[in-house]
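Here's a structure for you.
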Amino acid sequence: MKLIDRLIIIGILLNIIVYTVIFGNNFIVSSSKGDSMCPALHSKAIGLEKIIDLDDEFIIGNIYTFKGEGYGFVNEYIKHRLINITDDGFLFRGDSNDYADLIKREDIVYKHLFEIPYGWC
């Protein structure tokens, strides 16, 4: 990675930190791993996510992070796209997956806002 690329990433991260300080601590900086969300999210990319509040509206098509515990993943968080809302829960699918996961509301913890593309798909 070139020096200018590193400086740009550092500048963006500093802006995220300042934004979080000004607007409260209901945001987190996250990273992605895996390729289930390619090409929308890159493995090793750095992103900003909003902590979900009880009164947040869920929008089909947005990317959210949910607890992987109980869905076949131990001590991991999963970022996938919301594809449907049913009486039984929320249906999520990775963009490059051909299957979906039914997730309970209480397991959805973050809304993905953006990422700094770094890494690969």
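Computed from the coordinates by the stated procedures, all read-outs in this text should not be read as laboratory data. Nothing here was measured: the structure is a model prediction, and the numbers come from that model. Using ideal geometry, Cβ is built from the backbone for each residue, glycine included, and neighbour counts are taken over all protein chains shown.
Which is the longest part of the chain that has none of the GluC sites (Glu not before Pro) sitting in a DSSP loop with at most 14 other Cβ atoms within 10 Å? Numbers along the way, then the final one.
Working: sites that count: 57, 69, 76.
So the longest stretch without any such site is 1-56.
I'd like the trypsin sites (Lys or Arg not before Pro) in the stretch 36-112 restricted to DSSP loop residues with at most 16 other Cβ atoms within 10 Å, sorted by number. It would help to have the intermediate numbers written out before the result.
On the way: sites: 44, 50, 67, 79, 81, 93, 104, 105, 111; in loops: 44, 104.
In loop regions of the stretch 36-112 (DSSP not H, G, I, E or B), the sparsely surrounded trypsin sites (Lys or Arg not before Pro) are 44, 104.
Taking 35 Å as R0, compute the FRET efficiency from the Cβ-Cβ separation of residue 69 and residue 2 and round it to 0.05. Can you show the working numbers first?
Details: r = 39 Å, r/R0 = 1.12.
Once the sixth-power term is evaluated, E becomes 0.35.
Continuing with this model, one more query. If I take R0 = 35 Å and measure r between the Cβ atoms of residue 102 and residue 29 in this structure, what FRET efficiency does the formula 1/(1 + (r/R0)^6) give, to the nearest 0.05?
Details: r = 29 Å, r/R0 = 0.82.
About 0.75, to the nearest 0.05.
Going by alpha carbons, how many degrees (0 to 90, nearest 10) lie between the helix axis of 3-23 and the longest principal axis of the chain?
Approximately 60 degrees, to the nearest 10.
Mind putting a number on the dipole of the chain about its Cα centre? Charges go on the C-beta only, +1 for Lys and Arg and -1 for Asp and Glu, and I need it in Debye to the nearest 20. Present the calculation step by step, with values, prior to reporting the outcome.
On the way: 12 positive and 17 negative charges, 120 e Å.
It comes to approximately 580 debye.
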